[in-house]
Every structure is written in structure tokens, then in C-alpha cells.
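J.: Submitted below is the structure of interest, expressed as C-alpha cells.
The values are calculated or read from the model by the stated rules, or taken from the named source; none is laboratory data. None of these values were measured; they are calculated from a predicted model. Every residue, glycine among them, receives a Cβ derived from its backbone with ideal geometry; neighbour counts consider all protein chains shown. Accessible surface is based on the protein model in full, side chains and every heavy atom, while ligands, DNA and RNA are left aside. Shrake-Rupley method; radii C 1.70, N 1.55, O 1.52, S 1.80 Å.
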Amino acid sequence: MRLGANLVHLPIVRAVAVNIAMRADFDVDAISDLELAVDEACSSLITHAVAGSVLSCRFTIGADDIMFTVTVTSAEDATPSRSTFGWRVLSTLTDDVTSWAEQDEDRLHQVHIEFVKRRPVTAR
Amino acid sequence: MRQAATSQQRRSSHEYDHLVPLFDELAALSDDDPGRETVREQLVTGYLPLAEHIAHRFAGRGTPKEDLVQVATVGLINAVDRFQPSKGSDFLSYAVPTVMGEVRRHFRDASWAMRVPRRLKELHLSVSGASTRLAQELGRAPTPAEIAKHLGISKEEVFEGLEAGQAYHASSLDESLGGDGEGMPLGEAIGEQDSGMEGVENHEALEPLIRELPQRERHIIALRFYYNLTQTQIAERVGISQMHVSRLLSRTLARLREGLLDPEAEDEEPAS
């Protein structure tokens with residue numbers, strides 16, 4: 001999913017996240033956690049994105065997990081620090097979160113955040 | 001809105017003049033004096049037209065007038081209880097923002113954008129209610145399939161009901177004024193100052209933002225991101241629905257993000 005790297009597009013990404021999690025029959029806590037995590041990850045990267053660039057989001061739906069990867073183009077290596085509040089939010093809401101960046105040929109940075117939300121183990 | 005309230009205050013200030021001495025009387029009585037209740041009641045009754053007037057100003061936004069009067073009266077009672085005549089300000093200039101804050105909070109917490117069709121509102125409420133009941137039964141958050149089965153409706157309808165919650169707070173009212181969230185019986189579990197964010201790199205910027213949050217939001221943030229409780233556990237502890245917890249978390253995180261981006265921003269616009 002490719003959108004402009006602008007906060008106004010966030011509701012679309014959130015709605016997609018909620019829809020995927022609902023249809024995967026995640027419980028209501030996990031649905032909301034995924035939505036909040038998507039919101040947090042996208043917002044923090046959009047802040048560092050080059051004006052007019054693209055926000056690229058990918059949902060990968062597994063049997064028991066949903067993986068989300070978001071990438072923006074930034075003028076600096078905007079990999080979020082592991083000790084910020086935002087990172088604590090992401091790591092609380094998701095099961096596994098990583099972030100990295102690489103420099104492209106135009107000396108711009110592709111900054112990524114990726115996390116997995118697993119289906120909670122339920123006694124069914 | 002604010003201007004309107006000020007003119008209301010000016011226009012009607014004389015009709016309340018006879019009540020003013022009662023505040024000194026109330027302040028002079030000790031906390032366990034049986035006479036307190038009488039004086040307090042006289043004050044609340046006397047200022048009731050103020051609450052009614054403010055409620056009236058918020059009418060026509062999809063909340064029944066009687067509910068608004070009730071909410072405004074709660075705000076008035078709070079104002080009467082908290083007003084300190086010794087501080088020198090007059091009661092009306094203290095009460096008007098307090099009452100309006102209470103009404104705004106009501107809109108923010110319990111009202112719908114008017115464009116949400118009735119069927120969806122009802123669907124959302126029944127899904128939310130079923131979710132709460134099931135969480136108690138199961139001891140964990142239910143899934144949409146479980147909610148559908150419990151209510152005897154299709155999963156698609158549950159999805160609709162869950163999504164409708166997004167519009168719940170889309171009211172155009174601004175965030176409430178100061179004093180929001182005070183007096184809520186939530187502070188017991190966690191000390192006020194303990195936001196739990198001491199280990200965080202940007203906690204110097206974060207702490208004041210967290211302190212500015214209404215008490216309930218502060219509490220919920222700490223329970224989720226410091227004590228690592230699930231939304232369902234928080235809902236149970238705070239006495240609101242999981243969906244409400246979800247909305248409050250979403251809004252509060254957005255507010256903190258904005259505040260961290262721009263530490264100079266005071267009273268930033270509410271995140272939609």
C-alpha cells in the first residue's frame with residue numbers, strides 16, 4: 001500500500017489494519033493494539049519523511065500473525081531510538097518490533113519499522 | 001462559545017448576588033458539620049439556572065436536553081464543592097468553565113457524531129456490551145466470532161459495530177478546559193506522579209505532557225505501557241468499556257506525539 005507520507009492518510013492505514021485483524025478473528029484487544037501500533041509506527045516515520053515522498057506500508061497475513069512493515073524516505077538516518085517512549089509503545093503493543101535504515105544512491109535514507117502482532121493464545 | 005458564556009455570566013450575575021455570602025458560610029463550617037449539607041444544597045439549587053443555561057447552549061447536538069442538564073448539574077456541584085472564596089475570585093467566573101468543561105467531557109466521552117445512523121450506534125453499543133460480558137466470562141478479550149455467536153448476528157455486523165466506534169467521539173467540540181478528570185476515583189492504584197516513564201530517554205519532555213493529561217488518561221497510559229495490562233484488564237479496573245479504553249489510548253498517544261514534536265505547543269488541537 002503506497003500513500004503520500006502525510007499524516008492525513010493515517011486513518012486509511014489504520015482502517016486497513018483494523019479490518020485485517022478483525023477478519024483474522026484476532027481478539028478485540030489485539031485488534032486495537034495493532035491499530036495503535038500502526039498509528040505509532042507510521043506517525044513517527046512520517047515526521048521524518050522527505051516532503052512529497054511516499055509512505056509504503058505492507059501487511060503480511062500469516063496463519064497466526066500479522067506482520068506490518070512501513071518505510072519512508074528520509075534525509076537522515078531516522079531509525080527510532082530504542083529508549084524513546086514511542087519505542088516503548090511499539091514494543092508493548094506488538095510482539096516483535098525492529099527498525100533499520102539504509103542509504104540509497106541519492107544519499108537519502110530508506111527508514112523501516114517492522115513488527116509482528118501474534119494471535120493471542122486463547123483457551124478455545 | 002466562550003464569549004457567549006461570558007455575556008451570560010455578566011447578564012445574570014445580579015440574580016445570584018444573594019447567594020454569594022453563603023460561600024463564606026460554607027467555608028466557615030467544618031467538614032463534618034451537619035449544616036454543610038443544607039448550605040451546599042441552597043447553593044446548588046440557587047445556581048441551577050446557570051447549569052440549565054449552559055446545558056441549553058449545548059442542546060441540538062444529538063444528546064437529550066435532560067441528560068445535558070444532568071451533566072451540567074454535576075459540573076455545578078463540583079464547582080460548589082471546589083470553589084474557595086478565600087482565593088478572591090468570584091464564583092461565576094470559576095463555575096462557568098467548570099460546568100462547561102463537564103458538558104464538553106460528556107460530549108467527548110459519551111456522544112456520537114450526529115451523522116452516525118441509529119442502527120450503527122445501537123450495533124456498536126450491543127457489540128461493546130457483549131464484548132464486556134464475554135470478557136468477564138472468558139477472563140480474556142473476546143474475538144469478533146465469539147461476539148457474533150453471543151449476539152446471534154453475523155460477523156460482518158460485528159465488524160460494522162466495532163468500526164462504528166471510530167465515529168463515537170468525532171464531535172467537533174474542543175477538548176475540555178482545566179480540571180478535567182479531577183475527582184475521579186482512579187488515582188488509588190498508582191501514585192499521581194508515577195507515570196512510570198523514568199527510564200525513557202525523552203522523559204524530560206514527556207513528563208510534563210503526561211502531567212497535563214486528565215487523570216484518567218494518565219492512569220490508563222501507565223497501566224498499558226508501564227504495567228503492561230491489556231485493554232480488557234484496564235477496562236475492568238477503570239470501569240469503562242474496552243472500546244472506550246482503546247479510544248482514550250489512541251487519542252492520548254496522538255496528543256503525546258504532538259506534544260513531543262512541538263514542546264512549545266500549549267493546548268494543541270485535539271487529535272481527531
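J.: Among the residues of region B:60-89 satisfying the criterion of being assigned to a helix (DSSP H, G or I) and among the hydroxyl-bearing types (S, T, Y), which is most open to solvent (accessible area, probe 1.4 Å)?
T.: Taking the candidates together, the pick is B:S86.
J.: Residue under question is A:L34, and the condition is that it be within 14 Å of another protein chain (Cβ to nearest Cβ), surrounded by 18 or more Cβ atoms within 10 Å (Cβ to Cβ), touching a strand residue (DSSP E or B) at 6+ places or on another chain (Cβ under 9 Å) and under 25 Å from B:V127 (Cβ atoms); does it hold?
T.: Values: within 14 Å of another protein chain (Cβ to nearest Cβ): yes; surrounded by 18 or more Cβ atoms within 10 Å (Cβ to Cβ): yes; touching a strand residue (DSSP E or B) at 6+ places or on another chain (Cβ under 9 Å): yes; under 25 Å from B:V127 (Cβ atoms): yes.
It is true that A:L34 is within 14 Å of another protein chain (Cβ to nearest Cβ), surrounded by 18 or more Cβ atoms within 10 Å (Cβ to Cβ), touching a strand residue (DSSP E or B) at 6+ places or on another chain (Cβ under 9 Å) and under 25 Å from B:V127 (Cβ atoms).
J.: I'm told B:Y226 meets every condition in (1) open to solvent by 40 Å² or more (accessible area, probe 1.4 Å); (2) closer than 17 Å to A:A37 by Cα; (3) away from chain A (no Cβ under 11 Å) except one. Can you identify the failing condition by its number?
T.: (3) is the only condition that B:Y226 fails.
J.: Looking only at residues in region A:13-31 that are more than 10 Å from every other protein chain (Cβ to nearest Cβ) and within 13 Å of the chain's Cα centre (by Cα), which one is surrounded by the fewest Cβ atoms within 10 Å (Cβ to Cβ)?
T.: A:V16
J.: Within region B:114-124, can you find the residues that are open to solvent by 10 Å² or more (accessible area, probe 1.4 Å) and either over 15 Å from B:A164 (Cβ atoms) or touching a residue at least 12 places away in the same chain (Cβ under 8 Å) (or both)?
T.: B:M114, B:R115, B:V116, B:L120, B:K121, B:L123
J.: Something else about it: Sort through B:E25, B:E52, B:E137 and tell me the only one that's within 23 Å of B:S246 (Cβ to Cβ), of a type in the set (D, E), modelled with pLDDT of 85 or more and open to solvent by 60 Å² or more (accessible area, probe 1.4 Å).
T.: B:E137
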